[in-house]
Every structure is written in structure tokens, then in C-alpha cells.
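Report on the following structure.
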There are 2 protein chains.
Amino acid sequence: MPDAGPDGARDNNLDYGPLGQSLGFLLRLAQLRSFATFYKDMGALDIRPGEMTLLMVLAENPGVRQGILAKALRIKRAHMTKMVHGMEADGLIARTVPEGDKRSVELWLTEAGRARIDAVRPDFGRHEAKATGPLTQAEAAELRRLLRRYVGFDVPADAGCDGGGMR
Amino acid sequence: MPDAGPDGARDNNLDYGPLGQSLGFLLRLAQLRSFATFYKDMGALDIRPGEMTLLMVLAENPGVRQGILAKALRIKRAHMTKMVHGMEADGLIARTVPEGDKRSVELWLTEAGRARIDAVRPDFGRHEAKATGPLTQAEAAELRRLLRRYVGFDVPADAGCDGGGMR
DNA sequence: CGGATATTGTTTACGTGTGAACAATATCGA
DNA sequence: TCGATATTGTTCACACGTAAACAATATCCG
């Protein structure tokens, strides 16, 4: 077995084969590149993508319930608990228990949280503007449109959480 | 129905704000959906995306060096070590140290590994064919094309690891 | 040659995210 | 009303992936 047979692929160029057309594989690579770009552009501000997301969505939805937020961001409630506690410890967000339902928790930006997002927003804007890599602006716009459709943002009817339609 | 009132986004519909146009955020959601579909379609075969990827790429590149593989799949060598040792323990792949460079390791599919990939390939093909969610086939093809460009597969010249061009 | 430097895979410590079990609270139905 | 059931957030154990330090080997250059 150790013999290369049809001569092993010892060169530096690897053949992806059918994987190179796999949507899942391409999405994984794309996300890795996207995150790397984020850290390169925002690294100096010491902010993680998850924190950025939470701040932005809380700025738009003050008082949103923790579970709703987790569902919208597609992360599990267990993990949301950790993030929220961490950011509360950092003084960025506040948690309140509403009168109507003592199980739940509502989330709000603190003054420091609002200051934080105001501080990072410009850099995030610049990052987003140039985060299209080798794509033209038109291609980036089309990519965003297709991704929105793929994740179910712009699908016409219900399709709920798991449309799964294969058309 | 507590009625959200003027403040407090207590309803179940959350406003994503500018995040809804963020390429990074959309890519994250898309990858989550893609992986979920993978597990739904392939779950019965008890195979993870990483294992699938390794088997497929080793089928195309017998004898590839471990580090080359890690670089191509954009995972760190440390993690590659773990995966490879695990799959070797499962009898799916074999590791050989070449004469020319005793530091490196070459990877090969075992007979069991080839059997394994032959067993899962049909399901993977079916999965890929229908994994386009609400997208039409034409849209899915365009999405793949744009992702390939974004991750640098089809870029003409160098652009290396970090083209960063903003065009 | 032979010492400085680089590369390769491994180990260890750690961060991020999930699944399952759980306690507290809310809601539904006889 | 009150017992059964569902929901909400939390905790714990664990998978996945990374960063940094490391040992072994290879390469470069005086």
C-alpha cells in the first residue's frame, strides 16, 4: 500500500474534485474567509463577530427577549446565556425580568453598550464596504441576494424555520 | 398576545437592521443551514462534514501530505492531526512517512476507507442535488460561481491568500 | 562540515458552540 | 381549582477548532 501507485499527489496543488462544487464546502470556506477579514479589519477594536451581532441587533430591538434573539441569530439558548452574561459583566447590556412572564429575560443596551457600538460602527461600515474580496460590487450584491434567499429571508410564503423545499 | 407597544420588541419578529445585508452574517446563517441540511440528509450514515471532506479529497489525491491537506481545507495543522488520528483509529486512512522527508506524513485511503466513501457517495450526491433550499437550480449555480470567486478559486492571477481588492 | 534557521507534525491550554437534564414559571384542560 | 404539560433560561458534559510552545527533521550559508 505505501507505494504511490498512480504517483501520489505530493505537489502543493491539490485537486478538490467534486468538493469544489459542493455548496456546503464552498460556504464553509467563504465563512472562514469572511471571519478572517473581520478580524483583520476590526481586530484593533478587540471585538468578536458575535458581540458585534448582539450589539447591532439590540440597538435595533431594545427589550427583545433572550430566546427570541437566540432563535433569530440561530444560536442555541445555552450559548446565548453565556454570551449575555459575559456582556452583562462587561457592562454592555442589561437584563430585566418582565412582570408578565417571570421566566423570561429582556435585553437592553446600557449607556456603555451604546457608546461601544457607536465606537465600532464606522469601522464595521468600512469593513463591510470592502469585505467583498475579489468580487465586484454588482457580484457582491447578487451574492447577498442569493444568500438572503437561501437562508429564507426573502422567500415569499411561509417556509417557516425549515422550508426545506427542494423545488 | 401582549402587544409590543411603542418600545420593547417583544414580538416574535426581530428587525435585523443593517445586519441583514452583512455578507459575514449572511454567510454564517447560510453555513448553519447548510450543515443542518447535511446532518438531516446524511445523519443516518453517521458521518460528519469534516470526515466526508477528508475522504473525498483523499480519494482524489492519494498520498497527499498532511500539511498540504490542512492548508487546502483551511483548517489548522493541530486540528488536522486530531482528525487524521481519529480516522486512522477507525481504519479509514493510513499514514506513511516518506523516505525523502521524515518529518512529513502522507495520507492514503485504506480499503475500508474506499468502501466507506463508496457507501456514502450516493447519499452525498442526492444531498448536494437537493441542498439548494428555496433556490432554483440556476440560482444555485450562480451562488456556487460567486462563492468560488469569493474564496479565490477562480480568480485569474495571484491574489494569493488575501487579495483584498475592493474594486 | 556545522551552526543558525525553517518546516512539519504533535501536544497542551483554551475559546466557541451544542445537547441533555434541570428548576422555575406559565398555560392548558378536566 | 389543580394536576399535567409546555416554555424559558441555566448548568454541565462534551465536540469542534485555534494559538502557542515544542521535538524532530530539513535546509541554508558561512
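The values are calculated or read from the model by the stated rules, or taken from the named source; none is laboratory data. Every value quoted in this text rests on a predicted model; they were computed, and no experiment measured them. Please note: Cβ atoms are built from the backbone with ideal geometry, for glycine as well, and neighbour counts cover all protein chains shown. Calculation scope for accessible area: heavy atoms of the full protein, side chains included, ligands and nucleic acids excluded. Shrake-Rupley method; radii C 1.70, N 1.55, O 1.52, S 1.80 Å.
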Residue mean of other protein chain beta carbons inside 10 Å, B:60-72: 5
Residue with peak Gaussian network fluctuation, chain B [Cα springs, cutoff 10 Å], from B:Leu45, B:Leu19, B:Leu27: B:Leu19
Accessible area per residue, Å², the protein assembly as shown with all protein chains present, probe 1.4 Å: 51 Å²
Most fluctuating residue given options B:Ala138, B:Ala30, B:Ala59, as computed from a GNM of chain B linking Cα atoms under 10 Å: B:Ala138
Other copies of B:Lys40: label-to-label distances in nm, shortest first, labels 7 Å along the beta-carbon direction: 3.5
Cα shape, segment B:88-159, gyration tensor, a/c 1.5 rule: oblate
Those lysines that a straight Cα-Cα span of less than 26 Å connects to A:Lys71, excepting residues fewer than 8 apart in one chain: A:Lys82, A:Lys102, B:Lys40, B:Lys130
Note, ³J(HN,Hα) from phi for segment A:128-143, Karplus 6.51, -1.76, 1.60, rounded to Hz, x at Gly and Pro: 4, 5, 10, 8, 8, x, x, 7, 6, 4, 5, 5, 4, 5, 5, 4
Nonlocal amide H pairs with A:Glu106, under 5 Å, H built at 1.01 Å: A:Thr96, A:Val97
Where A:His127, B:His85 fall by accessible area, highest first, once all protein chains stay in place (1.4 Å): B:His85, A:His127
7 Å along Cα→Cβ, label-point gaps from A:Pro122 to other copies, nm, shortest first: 6.1
7 Å along Cα→Cβ, label-point gaps from B:Glu99 to other copies, nm, shortest first: 8.5
Residue-wise HN-Hα coupling along segment B:44-61, computed from phi with Karplus coefficients 6.51, -1.76, 1.60 (Hz; x: Gly, Pro): 5, 8, 6, 9, 9, x, x, 5, 4, 4, 4, 4, 5, 6, 6, 5, 8, 9
Accessible carbon and sulfur surface of chain B relative to its total accessible area, %, 1.4 Å: 54 percent
Partner chain coverage, peptide B:105-118 - average Cβ within 10 angstrom: 1
Solvent-accessible surface ranking, highest first, for B:Trp108, A:Trp108 at 1.4 angstrom: A:Trp108, B:Trp108
Residue with peak Gaussian network fluctuation, chain B [Cα springs, cutoff 10 Å], from B:Gly113, B:Gly63, B:Gly100: B:Gly100
